[in-house]
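J.: Let me begin by handing over the structure; questions about it come next.
The values are calculated or read from the model by the stated rules, or taken from the named source; none is laboratory data. As the structure is a prediction and not an experimental result, all values here were calculated from the model. So basically every Cβ, Gly included, is an ideal-geometry build from the backbone, and we count neighbours across all protein chains shown.
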Amino acid sequence: MSFDTLGLSEKVLQAVAASGYTEPTAIQKGAIPYVIEGRDVLGIAQTGTGKTASFTLPMLTKLEKGRARSRMPRTLILEPTRELAAQVQENFEKYGVNHKLNVALLIGGVSFGDQDKKIDRGADVLIATPGRLLDHVERGKLLLQGVEILVIDEADRMLDMGFIPDIERICKLIPFTRQTLFFSATMPPEIQRLTETFLQNPAKVEVSTRSSTSSTITQYLVATGGEDYEKRQTLRDLLAQAEDLQNAIVFCNRKVDVATLFRSLERHGFNVGALHGDMDQRTRMTMLDNFRKGNLKLLVASDVAARGLDIPDVSHVFNFDVPIHAEDYVHRIGRTGRAGRTGVSYTLVSGDDAKYLAAIEKVISKTIDWLGEPLDFEAAIAERKERRKAARAGGGDKPKRGPLRERTPRVRETTEDAGEAPRRERTRKPRVEAPAEDRATEMRQPREEAQPRQPRPQRDRAPRRDRGQDHDEPVIGLGDHVPAFLLRDPRAKKAS
Ligand code: AMP
């Protein structure tokens with residue numbers, strides 16, 4: 001089947017051909033004709049299925065008729081995170097090369113001024129995160145009465161992030177006569193209720209369920225010690241040994257661990273970037289861009305920051321931590337093996353992880369192979385118990401991480417991605433630094449040819465007890481740097 005039969009305009013078909021796509025994906029085949037027809041659509045599909053083009057292409061076709069009025073956008077796309085919103089904008093730029101449309105992006109972390117100007121000019125397409133959109137509405141700068149098409153993307157993610165009340169408010173501000181396109185990877189009851197309230201006789205298009213992992217991904221479990229330094233060593237060993245490693249995303253459960261692992265990998269000479277919700281918007285976009293272009297080989301990321309990212313060519317995914325929520329596993333490893341390509345994922349598993357691993361294997365309905373010896377969970381737990389006992393008996397430092405401690409439910413990143421107030425981390429995991437060790441891999445870059453320094457993720461708030469090989473000498477006074485104004489002779493006359 002080709003794109004010609006879906007009812008798309010000539011201009012759109014040309015842009016699709018220029019993108020190199022020859023055949024529509026399942027969600028595109030299913031949804032595009034309904035969108036063109038003017039029907040509401042309920043699309044059950046995850047990212048990586050070509051979902052974005054399934055609404056941008058027919059929207060472009062429909063937008064060829066009519067024009068935008070000041071402060072009254074014609075179409076509105078709601079996205080849960082800034083990154084996703086920016087990706088949809090890129091899609092409009094790519095597929096809309098033959099159109100002269102005004103596309104406005106309203107996301108948090110960016111000044112209102114420029115966004116106001118774009119709205120004033122009249123937007124054909126408005127792409128927004130819910131919080132920022134409502135800010136504009138409340139400031140009286142934006143009217144939603146002219147919206148003809150409303151897209152709610154990644155609805156289950158919106159639910160996770162607490163945006164459903166905002167979505168309900170926004171839906172009520174848009175005329176009932178609109179066309180609504182609603183996408184979600186899963187259909188929990190709250191989402192079901194939302195679709196019943198805000199969609200009219202929708203055409204349902206379902207292409208895959210989130211509980212399935214692609215058959216093009218080879219998945220491995222890797223046994224590791226539970227201390228952070230042991231896990232970092234295991235990761236470095238894997239990075240050195242992994243075959244055909246082009247680039248990789250390394251997932252951590254918490255943003256504080258993203259920052260620590262990023263620094264550690266950087267110290268070990270890896271060509272690495274980081275992505276988490278505490279980083280400002282510009283830094284995140286630059287980081288992502290560098291990763292997409294191949295300037296960065298590794299990206300350490302948290303779930304929220306990485307959700308739905310369109311990075312087509314990731315060869316490997318590493319789970320530095322076993323995800324606490326089993327469905328995050330599916331999302332994480334779904335960053336590789338996309339669009340029919342092959343991919344490999346490695347999940348580091350320590351003694352604490354038995355129940356999380358069992359939950360994942362239940363969700364994906366299969367057992368994951370071990371790379372090397374499977375972890376003997378009981379032995380791993382007993383060993384850490386012993387170590388703790390020995391440390392106590394020796395009067396040494398307490399082990400930095402309790403052996404049998406239940407993994408504290410950690411506060412994960414939540415709404416900050418969309419510019420909302422971040423929730424504070426409630427738990428801190430004490431850390432142990434291991435002596436660094438040098439092993440060359442192609443992932444590493446020599447320090448002297450290191451790229452322009454990556455902006456560092458936000459620092460841990462508590463002081464670090466042990467900085468491993470990172471010996472920063474205390475700086476006395478101004479150190480080597482004396483500001484120029486102190487060197488100036490105070491009596492010197494001003495030049496006239
Ligand atoms: P999405 O699910 O929208 O995040 O898209 C995932 C990836 O598939 C993106 O890199 C798209 O550029 C790509 N893509 C979308 N439609 C097609 C298609 N018909 N053929 C090949 N790749 C596509």
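J.: Filter the stretch 108-141 for residues that are more than 8 Å from Pro73 (Cα to Cα) and of a type in the set (A, V, I, L, M, F, W, C) and give the result.
T.: Val110, Phe112, Ile127, Ala128, Leu133, Leu134, Val137 - these are the residues of the stretch 108-141 that are more than 8 Å from Pro73 (Cα to Cα) and of a type in the set (A, V, I, L, M, F, W, C).
J.: Moving to a separate point now. Against the condition on the phi > 0 side of the Ramachandran plot and in contact (Cβ under 8 Å) with a residue 40 or more places away in the chain, how does Gly48 come out, does it pass?
T.: It is true that Gly48 is on the phi > 0 side of the Ramachandran plot and in contact (Cβ under 8 Å) with a residue 40 or more places away in the chain.
J.: To continue, here is another question. Looking at the stretch 53-82, which of its residues are buried (at least 24 other Cβ atoms within 10 Å of the Cβ) and modelled with pLDDT under 95?
T.: Selection gives Pro80, Thr81, Arg82.
J.: Looking at the stretch 344-352, is at least one residue in the same structural domain as Arg292 (by TED's automatic domain parsing), assigned to a helix (DSSP H, G or I) and touching a Lys or Arg at 6+ places or on another chain (Cβ under 7 Å)?
T.: Within the stretch 344-352 (the criterion being in the same structural domain as Arg292 (by TED's automatic domain parsing), assigned to a helix (DSSP H, G or I) and touching a Lys or Arg at 6+ places or on another chain (Cβ under 7 Å)), the answer is yes, since at least one residue qualifies.
J.: Scan the stretch 147-174 residue by residue and report those that are modelled with pLDDT of 95 or more and in a loop (DSSP other than H, G, I, E, B).
T.: Val147, Glu148, Asp153, Ile174
J.: Shifting gears a bit: From Val110, Val16, Val88, Val12, which residue is under 25 Å from Met158 (Cβ atoms) and surrounded by 18 or more Cβ atoms within 10 Å (Cβ to Cβ)?
T.: Val88
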